[in-house]
Every structure is written in structure tokens, then in C-alpha cells.
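*Asks:* Mind having a look at this structure? Questions to follow.
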Ligand code: FNR
């Protein structure tokens, strides 16, 4: 694929992700989760601590911005806006797929772009990103280069089965994925995180992952940005892809169930939660279900496109809402909330 086609596709992804019709609203199960109110918390709001330890490093908040974009002109601006805000507020951040970087060997200015971004945000916890279909064919040396270019804390490998199947120009070849992941975990020399992109993980899949040596699984479940819907909208009308994207418009494992399964199955790896997280209260619910870190994609992109101030205000709002949820559940910090017995109920149970 040439540069122009690549840039056009990335631009379309950004535009379509902002369309509310491509959000699987109400399907992540968060509306059914109720946090139990503590009327006598014996805590003051100002003592509530958001500091969280992830992958052995302490950050000021448990939040991260999930990987979205990389390797094209708009990406530089968007990633810079997000990175500066994350560094300021102590959030972590993933970049989008570095596929272009992998294919070009960092030519075409990509290397310089990452270097100048890194120079501006030396303390940011940053995650490199590659798709599992690329991982299968990449050498460990190439993967190490992607991590080194960013001075990344970890490599995120994203899996996007439905998207690749539904994308007209997709590469739905996943054979050898599990073995490639196992090799990557044992040889990379940096933590590896497996991440979905909006379809979540079933308990059965998680059981197959449990002994790979992953540092974390970001469940990125059903309930937010839906790539089946987006690729269907990108396809011509009345093509098989556009029709099938309606059929598969609600496909996936809800974020809440994926988090519960991951927290139960993954003993040595952290559980990260994304997929339709839209408020700090959503984040608190997912922490109560077992998440160590909570990520946002589409709302962060929307705020970043509104400028630095809007992004900072949106981030402050998420932090404030999480603080209030911690106070109102009598939890001094996220770890206390995660360990609390009977702090959440699912409606109807
Ligand atoms: C994404 N996402 C994504 N994920 C990934 O691991 N690598 C990538 O390159 C991309 N690209 C991308 C582009 C855009 C425009 C969006 C909105 C998202 C998926 C993202 O990280 C996340 O898993 C899902 O979007 C679900 O989270 P939200 O959007 O419901 O908060």
C-alpha cells in the first residue's frame, strides 16, 4: 500500500471512530454494575490517592490513553497533544500501530518523529504498538527496534480479528499468533501486553494465554469503538462487507465480563481495562471488578482534537470522578477498591 492510501485509511479511521453510530453504546455491561455507597467513609476527599503501580512503575493515576495512531502526518500532531497532556497529568500512553515503521525500517522521517516526541516527554510511560498479524512475520530484532525508538516501557501487541476480516484491504491471517506471542514474551527483553481493539477476550481465550509470560492483557472489550461497524462504513454500499458489518455490529465480549475473566484467570499478568470507558465512574467500576489500569481511546481523541485545554479539562474530570467514586466507596486508593469485598453488585443479581 502506498503512502497516500495509508494516510487516507488512517484519516478515515479517525473520522469514523468519532461517529456515534460506530460506538457499541450500552453493550459493555457497565450500566448493570452498581458500586455500593459508603455513607460513613472516615476519609476526606483530599486524602484520596490516585497513584497506582503498573508494570512495576508508579504513575500518578491508573489511567492511560490507548494506542490510536502513528506513522502519518495527522498522527504527529495528535500524539504530541496527547503525550504532553499525559506527561503533565501522570497518565500513561500507547501509540498506534507502528506497522509503517516496521515495514519501512524507520525511514521517511518516522525515526526522527519519535525522537523529537520522546525528547519533549522524557518521563512519560509510553507503549509501543504492533498488530498480531505483523508480529507473526516480524523478527525479534525488528520488534526491539520499535520499542527502542520510543524508549517504550512495553510493547503492546494488538489483536483485531473482526476488523481485519471486515476490512476490504485487511490481512485476516492469524495462524501462528499464539506461538509468535510466546516467542516475543520470552525473547523481546521488554514487557509484552496483549490488547484487543473493541471485541474483548473470552475466558477460554484468556486460559490459552495464561502461561505465555505476558505482563498484562488490555481487554479492550465490546461497548465502545466498534471496528466491525467502522470497516463496514468504509466499504462501498451493498458490498458483502457493508452488509456483514450490520450482522456483526454487536460482536464481541463485553468489557465488564472480559475484565472479570482476566482478573480471575491471569495470575501473573495485570488486567487492563478499555473498551467504552467514558467516565471516571466507569473506571472505578472496572477497578472494583479487578482492573489495574483503565484506558480511553475515542473520548481522548475527541478531546485532543478540541485542543490542549479541552483535553486537560477532560482528563481532570476523569480524575475527579474517580476520586469521588473512591471516597463514596470508602476506598483510600485504587488498590483498596480492587481488594474490597462486596463493593459492587450487578443489577438483577
Ligand atoms: C484505535 N485502536 C487501536 N488500537 C491499537 O492497539 N492500535 C491501533 O493502531 C489502534 N488504532 C485506533 C485508531 C482509532 C482512531 C481509535 C479510536 C482506536 C483501538 C483503541 O486502542 C481501543 O482499543 C478501542 O478504540 C476501544 O476503546 P474506546 O475507543 O471504546 O475507548
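*Asks:* What whole-number value in cubic angstrom gives the convex hull volume per residue for the C-alpha atoms of the chain? Intermediate results must be reported in sequence, preceding the final value.
*Replies:* Working: hull volume 44.9 nm³, N = 349.
Per residue, the Cα convex hull of the chain comes to 129 Å³.
*Asks:* Subtracting the Cα-Cα distance from 0.36 nm times the residue separation, let me have the gained length for residue 51 to residue 183 in nm, one decimal.
*Replies:* The residue 51-residue 183 span can extend by a further 44.3 nm.
*Asks:* Follow-up question, since we're still on this one. Could you give the distance between the Cα centres of segment 181-248 and segment 90-150, to the whole Å?
*Replies:* Comparing the Cα centres of segment 181-248 and segment 90-150, I get a distance of 19 Å.
*Asks:* Something else now. What distance in nm separates the two pseudo spin-label positions at residue 32 and residue 103, each 7 Å out from Cα along the beta-carbon direction?
*Replies:* Between residue 32 and residue 103, the label points sit 4.1 nm apart.
*Asks:* Go ahead and estimate [θ] at 222 nm for the chain from helices alone: -39,500 (n - 2.57) per DSSP H run with n ≥ 4, summed, over the residue count, rounded to 500.
*Replies:* Calculated mean residue ellipticity at 222 nm is -13500 deg cm²/dmol.
*Asks:* Now a separate question. Of 322, 55, 30, which is the most mobile in a GNM of the chain whose springs link Cα atoms less than 10 angstrom apart?
*Replies:* Most flexible of the set in this elastic network: 55.
*Asks:* Suppose R0 equals 45 Å. What FRET efficiency, 1/(1 + (r/R0)^6) with r the Cβ-Cβ distance, do residue 346 and residue 6 give to the nearest 0.05? Spell out each step's value before the answer.
*Replies:* Values: r = 43 Å, r/R0 = 0.95.
Calculated value: 0.55.
*Asks:* Out of all DSSP beta bridges with both ends in the chain, state the antiparallel percent to the nearest 5.
*Replies:* The antiparallel proportion sits near 20 percent.
*Asks:* Let me ask you something else. Take the alpha-carbon centre of segment 44-87, take the same for segment 259-335, and report the distance between them in whole Å.
*Replies:* Spelled out, the Cα-based centre of one part sits 11 Å from the other.
*Asks:* Run the quick spin-label model on residue 250 and residue 39: label points 7 Å from Cα toward the beta carbon, then report their separation in nm to one decimal.
*Replies:* 3.8
*Asks:* What percent does the relative contact order of the chain come to when contacts are Cα pairs within less than 8 Å and at least six residues apart?
*Replies:* Reported as a whole number, the value is 23 percent.
*Asks:* How long is the gain from residue 305 to residue 239 if the chain were fully straight, where each residue apart is worth 0.36 nm and the alpha carbon distance is subtracted?
*Replies:* Stretched out fully, the residue 305 to residue 239 stretch lengthens by 20.6 nm.
*Asks:* Quick one: if you take sqrt(5λ) for each eigenvalue of the C-alpha gyration tensor of segment 46-103, what semi-axes come out, biggest first, whole angstrom?
*Replies:* The equivalent ellipsoid of segment 46-103 has semi-axes of 27, 13, 7 Å.
*Asks:* Mind checking the full-extension length gain between residue 88 and residue 171? Use 0.36 nm per residue of separation minus the Cα-Cα distance, one decimal, nm.
*Replies:* 26.1 nm
*Asks:* Still on this structure, please answer the following. Using R₀ = 22 Å, calculate the FRET efficiency as 1/(1 + (r/R₀)^6) where r is the Cβ-Cβ separation of residue 60 and residue 313; round to 0.05.
*Replies:* The value I calculate is 0.80.
*Asks:* Helix 73-89 against the longest principal axis of the chain: what's the angle in degrees, Cα atoms only, rounded to the nearest 10?
*Replies:* Its long axis makes an angle of about 20 degrees.
*Asks:* Could you compute the FRET efficiency for residue 151 and residue 74, with r as their C-beta to C-beta distance and R0 at 22 Å, rounded to 0.05?
*Replies:* Efficiency computed from Cβ-Cβ geometry: 0.45.
*Asks:* What distance in nm separates the two pseudo spin-label positions at residue 279 and residue 203, each 7 Å out from Cα along the beta-carbon direction?
*Replies:* 3.0
*Asks:* Something else: Under a 10 Å cutoff between Cα atoms, tell me which one of 270, 38, 46 has the largest fluctuation in the Gaussian network model of the chain.
*Replies:* 46
Where a number appears in this text, it was derived from the coordinates with a stated rule and is not lab data. It should be emphasised that the depicted structure is a prediction, and the values quoted were computed from it without experimental measurement. Positions of Cβ are backbone-derived with ideal geometry, glycine not excepted, and every protein chain shown enters the neighbour counts.
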